[in-house]
Amino acid sequence: VHFPDVERAEWLNKVLVQAWPYFTTIMEKTFKEVLEPKIRAKHVHLKTCTFTKINFGEKCPRINGIKVYTKEIDRRQVTLDLQICYIGDCEIHMDISKIKLGVKGVQLNGTLRVILEPLLNDAPFIGAVTLFFMHRPHLEMNWTGMSNLLDVPGINVMSDSIIQDFIASRLVLPNRVTVPLKKNMNIALLRFPVPYGVVRVHLLEAENLVQKDSFLGAIRGKSDPYALLRVGTVQHRSKTVSRDLNPLWNETFEFVVHEVPGQDLEVDLYDEDPDKDDFMGSLFISLVDVMNDRTVDEWFPLSKTTSGHLHLKLEWLSLVNDQEKLHEDKKGLSTAILIVYLENAFNLPKNQFEYSNGEYGAKKLKTNKYMKRTEREPSSFVLLTVGNKTQKSKTCSFNKDPTWGQAFTFFVHSAQSQSLHVEVKDKDRDSILGTSVVSLSHLLKDPDLTLDQRFQLDHSSSDSFIKMKLVLRALSVEEPDAPRGKVASGASKPGPVRPVAEQGTQRAPVPPPQPEASAAPPVSGGSAAPEPLPGQQSREPEGSSAEPVGSEAGMSSERPVEARPVAPLQSRGAAVPMRPLVQEMRLAPSVASLASLPSSCFDLSSSSLDLQNGSEGPLGEIQLTVRYAAARQSLVVLVNGCRNLVPSCNRGVDPYVRIYLLPDRRWTSRRKTSVKKKTLNPQYDEKFEFFESLEEVKKRTLDIAVKNSKPFISLERKELGRVRIDLSQEDLIKGFAQW
């Protein structure tokens, strides 16, 4: 499957094939000269570790596609996403104390992001290369020798997951590998950049979920739904709502977003069962759109299921250096994030007996064996705690001056009262080597809300320190750069209703109001038709009538309809432009002139229809709003209403709207509105979605017909009018709204 924004890289694959033998030679040398000595130094039982065979085989990794980002990133960098697939025939054998272990065959699939930054004015033109996986890569390994036991069902899943965890702790966001290409390049900010922001997810409710529970396999019951929400490697689970297909959660979750574009919000719904939880649907939301729109409050249809909608409110919180926004939230939500850059430590004690509160306090040990164990340098890791959340660093083995080089983030509710608790521990002895407590109020004294220094360790040596950089940033909901409206995802949401303006004893329909970005002048009370838009010519034929049209049958003339604004479209840019409207009080172009006009002129065609008056002419107008929702990967069609329909009989009509996305004419893919009784100016305000990719939608045509809901045995004409819209000619991301 070819995606237009992903480029093929066959030339690069040919380079890899040609260079693979030379790369394997380098890797074999690295295994023998670098990796083998490190393994031997890890433990006394590994001193006999020897690689007896290292062969990376003839099959090299393949790059299935490359996606290059140029618009959403800094101009001083180049960002590439490489879709890597490696199905290798490598063979690596190792002997440890006459025990043979090995791997024969590896499969790896994942998306590797490569960032080239900063771009320089002199050679080598690129300061450093940063590598990381956006998500955990899929990994499978075929073990040989004694390690064949790891292929036993149950154990193989555990062994692969351990290796995946090892890769994730070093190569999956927020962890990165940065290689400097220029001397004296400070790569600290490249390895640990400040996150893009925070997305706050309000999980509100769901409706019409599928029934998964059953009694005796036949009687359908209600389900016990819960939600799993993921951004990157962070996952949260909601509470379980018992026996309810329309559950209410009203829970809030917060995620730190490190890369945009790249990271997305994934939501999976499950039915909780004693044995195995049943899948109920999923949702995938692009955080790029949330970042651009700041706030999204919509009903999202669930995919991979037959029914169900999920109501989410998403808020994008920017990270700002503003102490005034650090006030405590009344609802208990986070007001800031703390970023901890854990660098290294100095002069850690060898054991918990060596120092006590800065004073030497070694105790007599009973056996020489334990004495030797305590005399070696510690294998230390760090526990960092803010509030009720604790995070653990990697372990640095046998080093009293360990270097961790990791970054951690914590949500902060009250910067004035909370503290960061640091605990350095020895993994082998499970003992504390030192502690430190840093009050976050110290960061408020710095104008940049930053502390970069060495901190003295308590309950340790007098010259034991730990070096950290602490950065505090307030969370702020900023206004969008341009006004953006929302179109809710539920059907039958409020939409535009045409106000009725008085003119003498007659009432004439007034065009729907346009967004502020539109330059169309308002319709005056005494004018029957609006003036053309500035810089645009009227699209009416010369022979069109400009007479005011009286009230149609079925329209109430006793009271005016309350005016409501047109629901603007959600988009990345400014408000969606309203396309030029057909002038309100004039007849639409004839069928013959439609061929010369754009295909999006939404006058209902009368071709091939048997009109009541026997003449061929316009059959009325329909108001549509069309856009492509990138966050949900769907084409959204909002049917607002119709006006000036031509009746097919004297007793009145009951109109409804039917929609196809051609060439698909299957009954299951048909969309239709509700039926409005006895009116020629029906108001629907109903929305429909077609779940297709943007590239596929661009090849389609919208077929929209207004029909009369007539009795089955009636001889009345059913179709009142039809319009087709060629979507390849439209800017669907911005969308359009038109009569």
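The calculated FRET efficiency for Asn250 paired with His413, based on their beta-carbon distance and R0 = 25 Å, is about 0.85.
Using a cut-off of 22 Å between Cα atoms, the listed pairs Lys47/Lys98; Lys182/Lys400; Lys276/Lys304; Lys38/Lys394 include Lys182/Lys400 as exceeding that distance. For segment 380-450, the set of chymotrypsin sites (Phe, Trp or Tyr not before Pro) satisfying both a DSSP loop assignment and a count of at most 14 other C-beta atoms within 10 Å is given as Phe398.
Can you give the relative contact order of segment 621-738 as a percent, counting alpha carbon pairs under 8 Å and 6+ residues apart?
33
Taking the protein heavy atoms of segment 197-320 in the context of the full set of protein chains, the accessible area attributed to carbon and sulfur is 47 percent at 1.4 Å. Sparsely packed loop sites in segment 201-304 (the trypsin sites (Lys or Arg not before Pro) outside DSSP H, G, I, E and B with at most 13 other Cβ atoms within 10 Å) comprise Lys239, Arg243, Lys276, Lys304.
Annotation: extensible slack from Lys330 through Met185 equals 47.8 nm (criterion: 0.36 nm per residue apart, minus Cα-Cα distance).
Counting heavy atoms of the protein chains only and a 1.4 Å probe, report the per residue accessible area for segment 6-190 as a whole number of Å². Spell out each step's value before the answer.
On the way: 11390 Å² over 185 residues.
Computed with neighbouring chains in place, this is 62 Å² per residue.
Mean separation of Cα pairs under 8 Å and 6 or more residues apart, divided by the residue count, gives segment 6-190 a relative contact order of 16 percent. Per-residue 3J(HN,Hα) values for segment 229-241, derived from phi via the Karplus relation 6.51 cos²θ - 1.76 cosθ + 1.60 with θ = phi - 60°, read 10, 9, 9, x, 8, 8, 10, 10, 10, 7, 6, 9, 9 Hz in sequence order (x marks Gly and Pro).
Leaving ligands, DNA and RNA out of it, report the carbon-plus-sulfur percent of the accessible area of segment 6-190 at a 1.4 Å probe. On segment 6-190, the fraction of accessible area on carbon and sulfur atoms equals 62 percent. Loop-located trypsin sites (Lys or Arg not before Pro) in segment 67-109 (DSSP state other than H, G, I, E, B) with a sparse environment of at most 12 neighbouring Cβ atoms within 10 Å: Lys71, Arg75, Arg76, Lys98. Taking θ as phi - 60° and the Karplus parameters 6.51, -1.76 and 1.60, the scalar couplings of segment 249-260 work out to 9, 6, 10, 10, 10, 10, 10, 7, 9, 9, 9, 9 Hz in sequence order, x denoting glycine and proline.
Coupling constants for segment 630-645 follow from the phi torsions by the Karplus curve (6.51 cos²θ - 1.76 cosθ + 1.60, θ = phi - 60°), and in residue order they are 5, 5, 10, 6, 8, 8, 9, 10, 9, 8, 7, x, 10, 8, 6, 5 Hz; glycine and proline get x. Using a simple spin-label model with pseudo-atoms 7 Å out from Cα toward Cβ, Val675 and Lys14 lie 6.5 nm apart. Taking Lys and Arg as +1 and Asp and Glu as -1, the other residues whose beta-carbon sits under 11 Å from that of Val241 total -3. For segment 621-738, the per residue solvent-accessible surface stands at 40 Å², with DNA, RNA and ligands left out and a 1.4 Å probe.
Multiplying the residue separation of Thr450 and Glu140 by 0.36 nm and removing their Cα-Cα distance gives an extension gain of 107.3 nm. Taking R0 as 35 Å, what's the FRET efficiency between Met27 and Lys392 from their Cβ-Cβ distance, rounded to 0.05? E between Met27 and Lys392, to the nearest 0.05, is 0.70.
Taking all Cα pairs closer than 8 Å and separated by 6 or more residues, the relative contact order of segment 197-320 comes to 32 percent.
Rolling a 1.4 Å probe over the protein heavy atoms of segment 621-738, with every protein chain left in place, gives an accessible area that is 53 percent carbon and sulfur.
Ligands, DNA and RNA excluded, the heavy atoms of Asp81 present near 20 Å² of accessible surface to a 1.4 Å solvent probe. Against the criterion of solvent-accessible heavy-atom surface with a 1.4 angstrom probe, Ser417, Ser286 sort, most first, into Ser417, Ser286.
The values are calculated or read from the model by the stated rules, or taken from the named source; none is laboratory data. All values derive from a computational prediction rather than experimental measurement. So basically every Cβ, Gly included, is an ideal-geometry build from the backbone, and we count neighbours across all protein chains shown. These accessible areas exclude ligands, DNA and RNA; they are computed on the full protein's heavy atoms, side chains included. Shrake-Rupley method; radii C 1.70, N 1.55, O 1.52, S 1.80 Å.
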